[in-house]
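Worksheet: one structure, shown below.
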Amino acid sequence: MSDNALGRMEDLPADYRAALAQQNLVPLWPNLRAVMPAGTPRPATRATHWSYEGLKPLLLKAGELTPIEKAERRVLVLANPGHGLEKMQASAAIYLGMQLLLPGEWAPSHRHTPNAVRMVVEGEGAWTTVDGEKCVMRRGDLILTPTGLWHEHGHDGSAPVVWLDVLDLPLMFYLEASYHVDGQRQQTRAGSGDRAHARGGVVPMPVFQRGSKPYPMLRYPWTDVRATLETLATDDPALDAVQVAYVNPETGADAQNVLGYSALMLRPGQTLRLPARSPASVFHLIEGSVDVSIEATAPQAFRLAEADTCCAPGYAAVTLTNAAADRPSFLFIADESPLHRKLGIYEMRG
Ligand code: 1HN
């Protein structure tokens, strides 16, 4: 049925509408198409680009304006105007922020229900302790702080460190399940988050029992991920999508429950069309130069420079082109696919 075939609110007598509202009642039919449009959803998420060059001076200025003690976490949120900036969401389920930590600063320990990851953008000498494991932060590293695990950040280096935070906060907030607990500085224990043993193809097996920790690996070093992508590309020159997923190395499952994380290498000059899929996605350029074209209701095209970030709504095809003809480009991708798969609403439309 077409959109205008259903009755409108104004078609109903004012006294009837008032009587409904008085008893907290709402007629469905004038609102039905808004909550369930025909054929395809109408995402509020807008294709949006955040330039690192543009935001970095404002982030450094935040370092001058606000001491860490007054901020707890010194972050500029990458907010999608389609949702309204005050909602602080990049998509329905994804929150993005650029966080600054200055030498000597400490962002105190806490844990919370939203899942988070950090993608390190710039700087040396910072660390995040997660569940007692001190994970060093180097450019391109992915560090998980899954739901419920204690985490704190510190910085022993000499220049500012910046990283991209990705959280499923908008979903947790919508579910009215978002809260945090403050804690003490953590005692560290052995381990640096990266489960180096798993790279030998082996995992811990205490007396013939496989481990059952939901988050055995907390740090995914970029040097390893980048080398894996280059090997994949060399081993299979016909492979179009040189892409790897960040997974739990003990089970092969997605690294986290709600958002999915992957890394993609574009060969020199390569163009890759990603089919329209139901989840929204985020693209962050670790290295190189990439043109992004998004076939959304309002089509958009951006050039990503290093450390730039953009998001694409769900149900929109995305075409990526390596703007460099002589070297590969590397993207970090976050999307809502684990959530969509679990809910049974995951779609690929071509
Ligand atoms: C959080 O805990 C961190 O631990 C960063 O670094 C950003 C945004 C919203 C809620 C919690 C962090 C966050 C956050």
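Maximal additional length on extending the Glu122-Leu32 stretch stands at 27.7 nm, based on 0.36 nm per residue less the C-alpha distance. For the chain, the 222 nm mean residue ellipticity estimated from helices alone, with every DSSP H stretch of n ≥ 4 adding -39500 (n - 2.57) and the total spread over all residues, rounds to -4500 deg cm²/dmol. Seen from Arg118, the other residues with C-beta closer than 13 Å to its C-beta sum to a net charge of 0, counting Lys and Arg as +1 and Asp and Glu as -1. Spin-label model, Asp240/Arg199: points 7 Å from Cα along the beta carbon direction are separated by 3.2 nm. If one computes P(r) from the Cα atoms of region 268-327, what percent of pairs lie at distances over 19 Å? For region 268-327, the fraction of Cα-Cα distances above 19 Å is 25 percent. Once a ≥ b ≥ c are taken as the square roots of the eigenvalues of the Cα gyration tensor of region 16-78, is the result rounded (a/c under 1.5), prolate (a/b larger than b/c) or oblate (a/b not larger than b/c)? Since a/c reaches 1.5 but b/c is at least a/b, the shape of region 16-78 is classed as oblate. In terms of its C-alpha gyration tensor, region 46-192 comes out oblate, because a/c is 1.5 or above while a/b does not outweigh b/c. The ellipsoid equivalent to the alpha-carbon distribution of region 48-121 has semi-axes of 21, 17, 11 angstrom, derived from the gyration tensor eigenvalues as √(5λ) and listed largest first. Debye-formula intensities of the chain, expressed as log10 I(q)/I(0) at q = 0.08, 0.13, 0.15 Å⁻¹, are -0.44, -1.05, -1.34 (one equal scatterer per alpha-carbon, no solvent).
Report the one residue of Thr145, Asn257, Thr45 whose Cα lies farthest in the direction of the positive end of the charge dipole of the chain (charges on C-beta: Lys and Arg +1, Asp and Glu -1; origin at the Cα centre). Farthest along the dipole direction, towards plus: Asn257.
Angle of helix 52-65 to the longest C-alpha principal axis of the chain, folded into 0 to 90 degrees and rounded to 10: 80°. The loop-placed GluC sites (Glu not before Pro) in region 251-350, going by DSSP, that have at most 14 neighbouring Cβ atoms within 10 Å of their Cβ come out as Glu347. Annotation: lysines with alpha-carbon distance below 29 angstrom to Lys56 (same-chain offsets under eight excluded): Lys70, Lys87, Lys134. Setting aside same-chain residues fewer than 8 positions from Lys213, which lysines have a Cα under 16 Å from its Cα? Correct list for Lys213: empty, as no lysines qualify. Once R0 is set to 35 Å, what does the formula 1/(1 + (r/R0)^6) return for the Cβ-Cβ distance between Glu230 and Thr297, expressed as a FRET efficiency to the nearest 0.05? The computed FRET efficiency comes out at 0.40.
When a/c is below 1.5 the answer is rounded, else prolate if a/b is larger than b/c, else oblate, so apply that to region 182-323 with a ≥ b ≥ c taken from the square roots of the Cα gyration tensor eigenvalues. Prolate, because a/c is 1.5 or more and a/b exceeds b/c. How many nm is it between the label spots at Asn257 and His180, if each spot is 7 Å from the Cα in line with the beta carbon? The two pseudo-label positions are separated by 2.0 nm. Only Cα pairs under 8 Å and 6+ residues apart enter the sum, and on that basis the relative contact order of the chain stands at 16 percent. Each label was represented as a point 7 Å from its Cα along the Cα-to-Cβ direction; for Ser51 and Ser212 these points are 5.3 nm apart.
Just so you know, all these numbers are worked out from the coordinates, no wet-lab data involved. Just so it is clear, the model here is predicted, and its values are computed rather than measured. No Cβ is skipped: glycine too gets one built from the backbone with ideal geometry, and neighbour counts run over all protein chains shown.
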